[in-house]
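> Below you will find the structure I want to go over with you.
Every read-out reported here was derived from the displayed coordinates using simple, explicitly stated rules and does not represent laboratory data. What you are looking at is a predicted structure, and each value in this text was computed from that prediction instead of being measured.
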């Protein structure tokens, strides 16, 4: 939902770019997990950062519509 709200209230292009970053983070996480589970934090951090950006951006975007 945060990606959809971000795209609707902020920018669809930015949402797509951050969504691709999220996918890249999941790929990095999965490949690191298969090799050595201890090396998965970089992928998790990329995924988490992308999700936080989408969520906060959606909150600001939707909140800005009511101001």
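> In square nanometres, what is the average projected area of the Cα convex hull of the stretch 9-67?
Details: hull surface 14.8 nm².
Here the figure is 3.7 nm², rounded to one decimal.
> Figure the gain on full extension for residue 36 and residue 66 (residue separation times 0.36 nm, minus the Cα-Cα span) and round it to one decimal in nm. The partial results should precede the final answer.
Details: separation 30, 0.36 × 30 = 10.80 nm, distance 4.70 nm.
The residue 36-residue 66 span can extend by a further 6.1 nm.
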